[in-house]
Structure formats: C-alpha cells, structure tokens
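Coordinate-derived values only; no laboratory data. Not measured: the values here are computed from a predicted model. FYI the Cβ positions are ideal-geometry reconstructions off the backbone, even for glycines, and counts take in every protein chain you see.
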Amino acid sequence: MCKNKKIMKNDGMNDISYDFGDDEKLNKEVSFILNEAVHVFRHHADGNWKEIYKPKYVNMLAEKISAKPSLIKKLLKLKDPVVSNITHAAMKLQKNT
C-alpha cells in the first residue's frame with residue numbers, strides 16, 4: 001500500500017494499491033489507471049504512447065481529478081515520471097475544457 005509520504009516507484013509489472021484517502025472506490029479506480037499507464041509506458045514501447053495510450057489514460061485520470069481536485073497534489077507527490085506526465089496532461093485538458 002502506498003502512503004503518500006513515501007516515494008514509490010511503479011515498475012509496471014506489479015499492481016500497486018495506491019492510497020489517496022478514505023474513498024476505497026476512488027483508490028481502486030485511480031490505482032487501476034496508474035498501474036495500466038505505467039505498465040503500457042514501460043513495457044509496450046510500440047510507438048503508440050503519444051497518439052493512443054497516453055490520451056486514454058489522461059482522459060480517465062482527468063475525470064477522477066475533476067471529481068476530486070485534491071488528487072493532483074497527491075499524484076505529483078508520488079514522484080513517478082509517468083504519473084506526473086499524465087497528471088500534468090490531465091490538468092491541461094481540464095483547463096482547455
């Protein structure tokens with residue numbers, strides 16, 4: 001289980017149960033998004049990240065951030081480059097909508 005005080009590195013091979021607070025449903029949904037995004041980025045370098053995969057995960061994450069904006073700070077505290085990348089893109093997407 002990830003506590004936001006720790007810096008955790010997701011290797012993309014093992015699912016991590018992220019903890020963003022008391023909402024277990026949100027924890028499971030965001031954990032799924034992050035685990036899938038990190039896995040695809042790190043282990044499926046087929047050239048489709050920017051065009052297909054990243055927009056998919058950004059849209060999914062933007063929906064969660066829209067419902068709970070406090071996620072942004074918690075996501076960025078993870079210090080994972082893939083998570084930071086899709087979080088920043090989700091923030092940008094929200095600003096443009």
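Considering only region 44-57, state which residues are of a type outside the set (A, V, I, L, M, F, W, C) and under 16 Å from the mean Cα position of the chain (by Cα). Even if it seems obvious, please write down each step before you answer.
Quick first cut of region 44-57, residues of a type outside the set (A, V, I, L, M, F, W, C) only: 44, 46-48, 50-51, 53-57.
The answer is LYS50, TYR53, LYS54, PRO55, LYS56, TYR57.
Go through LYS25, LYS64 for me and flag whichever is of a type outside the set (Ser, Thr, Tyr), free of Cβ contacts under 8 Å to residues at least 24 places away in the same chain and surrounded by fewer than 18 Cβ atoms within 10 Å (Cβ to Cβ). Write out each step before concluding.
Numbers: LYS64 fails: free of Cβ contacts under 8 Å to residues at least 24 places away in the same chain.
Matching residue, one of LYS25, LYS64: LYS25.
Output yes when any residue across region 83-92 is exposed (fewer than 13 other Cβ atoms within 10 Å of the Cβ) and hydrophobic (A, V, I, L, M, F, W, C), and no when none is.
no
Filtered by the rule that a residue be more than 18 Å from LYS28 (Cβ to Cβ), among the charged types (D, E, K, R) and in a helix (DSSP H, G or I), region 57-92 gives LYS73, LYS77, LYS92. Inspect all residues belonging to region 34-49 and state whether any of them is touching a strand residue (DSSP E or B) at 6+ places or on another chain (Cβ under 8 Å), within 21 Å of HIS88 (Cβ to Cβ), buried (at least 17 other Cβ atoms within 10 Å of the Cβ) and of a type in the set (Val, Ile, Thr). No, region 34-49 contains no residue that is touching a strand residue (DSSP E or B) at 6+ places or on another chain (Cβ under 8 Å), within 21 Å of HIS88 (Cβ to Cβ), buried (at least 17 other Cβ atoms within 10 Å of the Cβ) and of a type in the set (Val, Ile, Thr). Only one of the numbered conditions (1) at negative phi; (2) in contact (Cβ under 8 Å) with a residue 24 or more places away in the chain is violated by HIS44, and that is (2).
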